[in-house]
Structure formats: structure tokens, C-alpha cells
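Input: a single structure, listed below in C-alpha cells.
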Number of protein chains: 2
Amino acid sequence: MLRAKDLGEWKIIDIFHKNFEEAPDLLVPFGDDVSVVDLGKDALAAIKTDMLVASTDVPPGMTDWQVGRKAVVGTISDFAAKGVEPKAVLVSLGIPAEYSKISLEALAKGVNAGAREYGAFVLGGDTNESRDLVIAVMLLGATRKGQITLRSTAKPNDIVAVTGPFGKTAAGLQCLVDKTVRIRRKLEAELLEALYMPKARLNEGLTLSKRGLTTSIIDSSDGLAWSLHELSKSSRKGFIVDKLPTTESVKEYAKMSNIKLEDLILYGGEEYELVMTVNQEKWEEAKEAIEQVGGKLIRIGRTTRERGVRYKRGHDTILIESRGWEHFKSGDQNKETLARRFR
Amino acid sequence: MLRAKDLGEWKIIDIFHKNFEEAPDLLVPFGDDVSVVDLGKDALAAIKTDMLVASTDVPPGMTDWQVGRKAVVGTISDFAAKGVEPKAVLVSLGIPAEYSKISLEALAKGVNAGAREYGAFVLGGDTNESRDLVIAVMLLGATRKGQITLRSTAKPNDIVAVTGPFGKTAAGLQCLVDKTVRIRRKLEAELLEALYMPKARLNEGLTLSKRGLTTSIIDSSDGLAWSLHELSKSSRKGFIVDKLPTTESVKEYAKMSNIKLEDLILYGGEEYELVMTVNQEKWEEAKEAIEQVGGKLIRIGRTTRERGVRYKRGHDTILIESRGWEHFKSGDQNKETLARRFR
């Protein structure tokens, strides 16, 4: 008999999708970063839910405050991708019986901080007893017709761009998992900061959306490779990447450890940059608009008519695999990339 | 050091409430059945989240389909209380690695059935690996200014009413826990049906709300006693109950077991009737309106200026205690009433 662990996350999602009757007036397809509902009077509500489970999603050394904050910030990243301002947060908690009052207070403050950092308020929730610490976050915001750019509308010869470097989170996780790699304290601190204190690119996402600057967009919480494949698959276009943006710290960590730099950049996940396609004619405008709100836009390649996601490095062209972190898949491909499980 | 199990659910909620910065334009107070957010253009969104944790919330014998359905129906009951039509459902799942594909399919169909039964569609969600089966449901619906009746606005000399009998769920649970009580198969089937296939009083709630027929209202998922106390506390009024509506099946079960009938009716929980106060002048209109949508309204008492929730039985008046099922409190008062834990 097939079990959840044999199926893996994507097949499980598929089972759910197949068994959910599709709403007739679906404004955003099932599986995109947010769902949109017409409330009448031209008012559209955007909603999103995301669950954090401590035993699989929380790296060692993360404080309760950071756990609460991250549960919210990770969800806000999906709103950032679709250019929706978060207004309200609801939080459903499963709490172990042994969890301390001090931890509860820190967790609550963290949830509040995650919301307030992006202008939202926590309006309510639900608490339950459970074996794992589980935080299900729900976000609500207002949107308008035409405001949301989907994953499925990339065009040929668009510029592929991202809002920041990749690989820090993966390197930070690896620091925690493999203690045999000896690195400078300052380097470790920088990598762990990325892991413990993720930022959502809300200002960037709101700016891009308001000015209609992208042709397709997604958040990168499942890894850069996975996000590129998701845009490529949804849009039925190919991608050629010729630059993998990262930081000196990630390069240094790759040198010290036995992990290929490309793997840290491509297959990490739990980092919250935006990955998008931009029409060439809008590129300069998009770059400037993002710089005006204190962010940056990095060109990493272009779209093609032929499918597939490739990385062109000098004269070599290699395929970028369609993988990232997948829940339930602890036994197979996840292990090959990075040990992101801390049981 | 204080732990979650020492604090109990209400003190934990209090910790969260204290640490969440309050939104300046709060339309419905923290802790009421739903939260309401102004999306602009006169459009108000109502949202609600509820979590079901299998190890504490699912009685033995419940099918996966029923578990999925119940997770949604329990949340819809809160929308029913506030007269909001559910439009969209999001569902965040924590799934044990050993959970089977067949169970996943049944669960998905159950979630969909719970939504469709009340006119809503499941638009998306999130799946994660966790030790418990955890289902966090988020609901969204549209509402209007003035549509929502709060818990806090009961008036003196209002009629206290409910939409149906109480005690079946508690008796059904007790059937499962205490196998020494021998009852007729048909009786058992009736009690278990109430437990496994709860119904939300959505039509009743929508009718009451549309016509502004109640002065305060709440759903009864934490038990009749708890709901009465919650309305009483929020409204700063007292309640005198002179009738405890139940069924012949509950009476029969109480006779066969060692449990007091009043305890089954008052302190059970997980049943989804509406508990409300109605101005005397609107009573007949409210009764007729509810009958027109196929429901019923049962008068069980009246409100008073003096605080406290009392039950008048003949010449006796006894205090109704402020208790119901409370998560984390498995050791103390919950055990005294009904064993609702199945570890």
C-alpha cells in the first residue's frame, strides 16, 4: 500500500487537487502563490495559507521568537510574489503539552513581529494540543482585477530576473548539519542570519505588480531551480540561465565544504527572493523601480520557445534539474542535496 | 517552569492575545467567531481559522472522509453563527509519513464534501509532513457593515434560544470510551452519527443575520454551558435557563450509563448548534423565519441584569459551571466530565 512518504509532496498535492471540485469562477489557478476570491462590488480578496511544522521546518538554534516570525514571513513572501499587501493574519497553532510558557510568549511575539514588519495585524486564530509544534498561518489582503501576475504568462525572449542572491540559506543549513566544515565565526553568523531571519520581498513585489512590470512571477521558497521549473512548466516556455547570483560568503563556504557552489545556489530553498520574467522593453524601468524602493533586480538569463531549464556556463550548457526541497522525501533526492531534516 | 499543559487553552489564548498588537480599525473583537477586515470599497471580508488535530480531536471509528469533512464543517459553524456565507476554503495539512494513499484520497474527498455541502469551494492549501495528522482550515466570505451580530450585545430580558437539542455528541463519545454501558444498536448508531457527521446551522445563521433577529449569538462547539458563559461574560448579562433541550436518545443513554443527563447536555461540546439571545418582540418572527428554512428555534431561558448562568429546575436553581472541553487540560476538569481523549 502506498504511503505519504512513498508519494512525496507533489503527488500528495496532486491527489488533493484532483479531489477538490474546481470553483467555476477561478481567478487564479490552483497551486499559484495565492488564491483570489471575488467578494462582489469589484472587491477581490487574496488569501494564502502555509504551515510550519517544527520537526521538519525548524533548524536547530532557531529561537521561538524566530520560529513564530518565520511562519508569518514565509507566507508573506507568497503575497509579495503576487503584489498583494497583507492586511490580516490568522494563526492556527498545534502546541505540544510540554511547551513552556516562556516559549509561548516568545512565539506569540514572533508571530506579531512577522506581521507588523510587513504592515499586517494578527486578528485571531486557534490553539490546539499536538505532538509537533505546528503553525498554520493564513493571510488576507485586497487585490484588484488585473493586479496579479500569474506563473503561467512568461513570453519568449523575456529577461529572467531575481531580487537577490541565492545559496545563503542552504549554506547556513549545511553549517548546522555538517560540523566538520570549519569556517570563520563571522561567516557562520552571516549564513545563519539568512536562515533564522528570512526577509520577504514585499516592497519589490508591490512595486512590480502596481506598475505591471513582470510577465510571470513566483516566490523562491522551494529553491531557485524549482521556481524556474515551475515558471517554465506553467508558461510552457524554456529558460536559459547564464548567471547564478550569490554572495562571497556562499562562495567561501562552498570552497571550504565539499558542496558544489551551483548546488547551494540552485537546490536550497527556504529563501524568499522573487523569480520573474520581464519583457525586454520594460527591463530598465523595472530595474529602476526596484532600486527606488531600496531593492535590486538581477538579470540571470532569458526565456526561449524550446522547453527545459538550462544553465550556460562558458561553452558548457547543463540541465538544471527540477528539484528542491520536498516534504516526505527525506529518504531520496533531498538527502542527495542538503540534509534539511533535524529529527 | 509553567508548561502548556499547566496553562490550559484559555490561558494560552490569553498569552497570544496579549502579545498581538491590536489592529486600530478592529470591526469584530479578538476571540469572536470570525474576524472581519475592511478591504475598501465598502467590501468586508470575514475570515476564520480552525485546526483539527487527529490525536486529540478525532474519535475512534471516524473515517478519513469524515475527518476531512468535519474539519471544514466545524469551521463553517463559526461562519453560521455570524451569518456569513462561506465562499472559499484553504486547507493546510500536516500528514504523517505512514498515512496511506487511500486515506489521503478519502481525506481530500471529505474536505471537498464539507465545503460543497455549504456552497464553498476549496481553492488551495499546503501540505507538510508531521507526526500528527493536522488539518488547519481557513474560510473566507463576504460580509457587510452591520451584518454581524457579536457575542457582546445581549440585552436584559432577551429570550435565550438554541437551534437544536444538545447531548448527542457527548453521549456518542461516551459510547466509544465506556464499552461497559450496553445499549441498543440503533441508539448507538444515532449517537455516533451525531459525532461523526456534524452539521453546521448555516441556513439558520444566514436567516437570523439577514433579518437582524438576534441581539447576540455564538456557535456551541465548546459546549452549551461554555457558550452561555461566553455570551454572558461578553455581554455583561446573566442568564437563567429553564429548559435543557435534548433528545430521547440522550435521555435513554443517560439512564443506561452513570452520567447525569444535565452533564451530557451542558458540558459536551463538538456539537454545532447556535446559541443566541433574541429580543422578546422579535421572538415570533425569528421562530417563523427559522422554520421557513427548515430549522427550529427552541427557547431555553432569558437574560437578566445580574451576572451568572443559572439553571432553574422546578424550585431549585443551580449554577451552570463555566466549563467545556479545553485542550491541554486532559488531567483535570475535562476528565471529570467526559473522556474526550483517545491517545
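Structure notes:
- Within segment A:270-289, backbone nitrogen closer than 15 Å to the virtual label 7 Å beyond the Cα of A:Asn157 toward Cβ: A:278-283
- Position B:Lys11, label points 7 Å along Cα→Cβ, spacing to each other copy in nm (shortest first, one decimal): 4.6
- Under Karplus coefficients 6.51, -1.76 and 1.60, residue-wise ³J(HN,Hα) of segment A:20-30 in Hz, glycine/proline x: 9, 5, 7, 5, x, 10, 5, 8, 9, x, 3
- GNM flexibility winner over chain B from B:Lys82, B:Lys18, B:Lys287 (Cα, springs under 10 Å): B:Lys18
- In this entry, segment A:4-143 is assigned a mean projected area of 9.7 nm², taken as a quarter of its C-alpha convex hull surface.
- Among A:Gly167, A:Gly324, A:Gly212, residue whose mean-square fluctuation peaks in a GNM of chain A (springs only between Cα atoms under 10 Å): A:Gly212
- Translational diffusion of chain A, µm² s⁻¹ [Kirkwood Rh, Cα pairs; Stokes-Einstein; 10 °C; 1.306 mPa s]: 77
- Coordinate range of the alpha-carbon atoms in segment B:159-337 per principal axis, descending: 48, 35, 35 Å.
- Residues whose amide H lies under 5 Å from that of A:Arg151, counting only those 5 or more places away or on a different chain, are A:Ile217; hydrogens are built 1.01 Å from N in the peptide plane.
- Dipole check for segment A:179-283: with +1 at the C-beta of Lys and Arg, -1 at the C-beta of Asp and Glu, and the Cα centre as origin, the magnitude is about 120 Debye.
- Label-point spacing for B:Asp316 across the identical copies (point 7 Å from Cα in the Cβ direction), in nm and ascending order: 8.5.
- Computed from the Cβ-Cβ distance with R0 of 35 Å, the FRET efficiency linking B:Asp14 to A:Lys233 stands at 0.15.
- Only DSSP H runs of four or more residues enter the estimate; each adds -39500 (n - 2.57), and after division by the residues of chain B the mean residue ellipticity at 222 nm equals -10500 deg cm²/dmol.
- Between copies, the label points at B:Lys41 (set 7 angstrom from Cα along Cα-to-Cβ) are spaced 1.0 nm, reported in nanometres from shortest to longest.
- Per-residue HN-Hα couplings for segment B:104-117 [Karplus 6.51, -1.76, 1.60; θ = phi - 60°; Hz; x = Gly/Pro]: 4, 5, 5, 4, 4, 4, x, 4, 4, 4, x, 6, 5, 4
- A Förster distance of 30 Å, applied to the separation of the beta-carbon atoms of A:Glu193 and B:Lys145, puts the FRET efficiency at 0.10.
- Amide H partners (placed H, <5 Å) of B:Asp132, local residues excluded: A:Arg131, A:Asp132
- Taken about its Cα centre, the protein assembly as shown carries a charge dipole of roughly 220 debye when the Cβ of each Lys and Arg holds +1 and the Cβ of each Asp and Glu holds -1.
- Förster radius 45 Å - calculated FRET efficiency between A:Glu98 and B:Ile102 (Cβ-Cβ, nearest 0.05): 0.85
- Label zone at A:Arg305 (point 7 Å along Cα-to-Cβ), backbone N below 14 Å, segment A:234-253: A:237-238
- GNM on chain B, alpha-carbon springs under 10 angstrom: the most fluctuating residue among B:Asp178, B:Asp78, B:Asp263 is B:Asp178.
Every read-out reported here was derived from the displayed coordinates using simple, explicitly stated rules and does not represent laboratory data. As the structure is a computational prediction, the values presented were derived from the model and not from experiment. Neighbour counts run over all protein chains shown; Cβ positions are idealised from the backbone, glycine included.
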